[in-house]
Amino acid sequence: MTFRFSATTAVGAAALILGLTAPVAQAAPKQPIRVAPAQAAPAPQELDPSFYEPPRRTYVNKRPGEILAARRITAATFGVTPMNVDAWQLSYRSTNSRGEPIAAVTTLLKPRGRSAGPRKLVSMQMAEDSLAGYCATSYAVQQGSWSALAGQIGVPGEMSIVQDMLDQGWAVSLPDHQGPKHAYAAGPLGARITLDGLRAAKRFAPIGIDDESPIAMYGYSGGAIVTGHAAELRKTYAPELNIVGAAEGGVPADLKVVLNTAQNNATSGLVLAAVFGVAREYPYFQRFLDQHLNADGKALRAAKAPLCVGLQPEVLPFLNIKGLLRWRGDPVTAPPVKRLLDETRMGKAVPDFPMYVWNSADDEIIPVSQVDTLVRTYCRDPHASVAYTRYHHSEHVMTELAGASPAVRWIKARLDGKPTGAGCVTRNVRK
């Protein structure tokens, strides 16, 4: 969960079963589809429901990753300066964490010109960390969008990392991983949307991806929630994808630990937004909130619903989050909360490709202890390959800035076919 000014959880038993029984897309030929021209002025989801929320009948019988609509866009830095790329948006069929079909959207960016050999592809899960459609990545990256002015600072802040990837000649997929309901922090949902976005990219001829194209994933903080779950889920949900590695930093592997850290802390406003966001994906937890939120909690839920990430921490920091619930004792002991925290905790499956993980040892938002636990869990498997870096004397935002370049270099080595071998290595960087 990126929380704050980001330059920038594993699936429980029920969700795992749903993932295993969801329809699995096989390698598909290029899908002929009409590509609509760019709109004169981009529109967020609230004003463009036909693209973002098509009728269920249009996708219910489609395969995961099958394209529903495609259109050109003009990608721009901070919504102003056009980027020297070809850019499209795809609407496609995906699956939620209950195994139900949904529509999802990803943005594809490709450097102009030909690539030498198969085009390499990176799926970057941006730290959207917001609750409204105009905050979504697909809107924020377009020329003429105003989401940065409204507080979406995470997406434009991370575009410098995207540009570094494009400069390598790679194509980039930027999924709206929070889904059509903007379910912030719902990692198992975002994992499916991300993997199906890669399937859609393979079907889309103009991006130049084929079965030989190596794929990698990147995500920090809010983006790491999704990247980590996608890495764990790939083997059962999308085994045909040629993913060769994933880099994740500031990893919210255990939302219980993150929530306890935010209690009465400066970032409580942002983490409370994640509580409200994840409830949008888990109806049983939404019912729990409806029943047990006090008047202040319900007012805050309404107040936070239209806010982007830059404004979320400003709404009542140092808040007693648990005090908003009418529950005797610690609310994390309530059965619906325990179920949610289990279903969103990482570490239930070991990724079957190399992982690069980094975190601040002093992170004020994402405690390093739960990342240490995740890495230890993976590394009990003799086939695991994990490179783990802990940055000391740093904090959350600066750690993405410090770790992004090494992460991109690590991704480049994987995309270039350089092996890592099995085994785990932990490195401590003291600044």
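The values are calculated or read from the model by the stated rules, or taken from the named source; none is laboratory data. This structure is a prediction, so every number in the text was calculated from the model and none was measured. Cβ sites come from the backbone with ideal geometry, for glycine too, and all protein chains shown count toward neighbours.
Odds and ends about this structure:
- Filter result (among the charged types (D, E, K, R) and closer than 24 Å to SER213 by Cβ) within the stretch 377-431: ARG409, LYS412, ARG414, ASP416, LYS418
- Considering residues of the stretch 102-150 that are touching a Leu at 6+ places or on another chain (Cβ under 6 Å) and either of a type in the set (S, T, N, Q) or at pLDDT below 90 (or both) only, the residue farthest from ARG63 (Cα to Cα): THR137
- One residue stands out in the stretch 266-304 among those that are assigned to a loop (DSSP other than H, G, I, E, B) and modelled with pLDDT of 95 or more: the one that is farthest from THR344 (Cα to Cα), namely ASN294.
- Any chance LEU108 is within 17 Å of the chain's Cα centre (by Cα), part of a loop (DSSP other than H, G, I, E, B) and of a type in the set (A, V, I, L, M): no
- Taken together, the residues in the stretch 319-353 that are touching an Asp or Glu at 6+ places or on another chain (Cβ under 9 Å) and under 15 Å from LEU374 (Cα atoms) amount to 9.
- Test for VAL371: is it aliphatic (A, V, I, L, M), more than 22 Å from PHE285 (Cβ to Cβ), assigned by TED's automatic domain parsing to the domain that holds VAL226 and part of a helix (DSSP H, G or I): yes
- Qualifying residue in the stretch 388-396 (condition: outside the structural domain of VAL275 (by TED's automatic domain parsing), under 16 Å from THR426 (Cβ atoms) and under 18 Å from the mean Cα position of the chain (by Cα)): no
- For the stretch 232-254, filtered to residues that are in contact with a Gly (Cβ under 9 Å, 6 or more places away or on another chain) and in a loop (DSSP other than H, G, I, E, B), the residue that is farthest from ALA361 (Cα to Cα) is ALA238.
For (1) over 21 Å from MET159 (Cβ atoms); (2) assigned to a strand (DSSP E or B), each residue gets a yes or a no:
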{"residue": "GLN39", "(1), (2)": "no, no"}
{"residue": "SER50", "(1), (2)": "yes, no"}
{"residue": "ALA70", "(1), (2)": "yes, yes"}
{"residue": "GLY79", "(1), (2)": "no, no"}
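- Filter result (touching a strand residue (DSSP E or B) at 6+ places or on another chain (Cβ under 7 Å), under 26 Å from LEU270 (Cα atoms) and buried (at least 21 other Cβ atoms within 10 Å of the Cβ)) within the stretch 361-388: ILE366, VAL371, VAL375
- Taking the stretch 383-407 as the range and being under 26 Å from ASP342 (Cβ atoms) and in a loop (DSSP other than H, G, I, E, B) as the test, the residues that pass are HIS383, ALA384.
- Count of residues meeting criterion [polar (S, T, N, Q) and either surrounded by fewer than 24 Cβ atoms within 10 Å (Cβ to Cβ) or over 22 Å from ILE207 (Cβ atoms) (or both)] in the stretch 112-141: 2
- Subset tally (residues that are within 13 Å of ALA361 (Cα to Cα) and either touching a His at 6+ places or on another chain (Cβ under 6 Å) or of a type outside the set (Ser, Thr, Tyr) (or both)) for the stretch 404-431: 5
- Any chance VAL162 is among the aliphatic types (A, V, I, L, M), at negative phi and in contact with a strand residue (DSSP E or B) (Cβ under 6 Å, 6 or more places away or on another chain): yes
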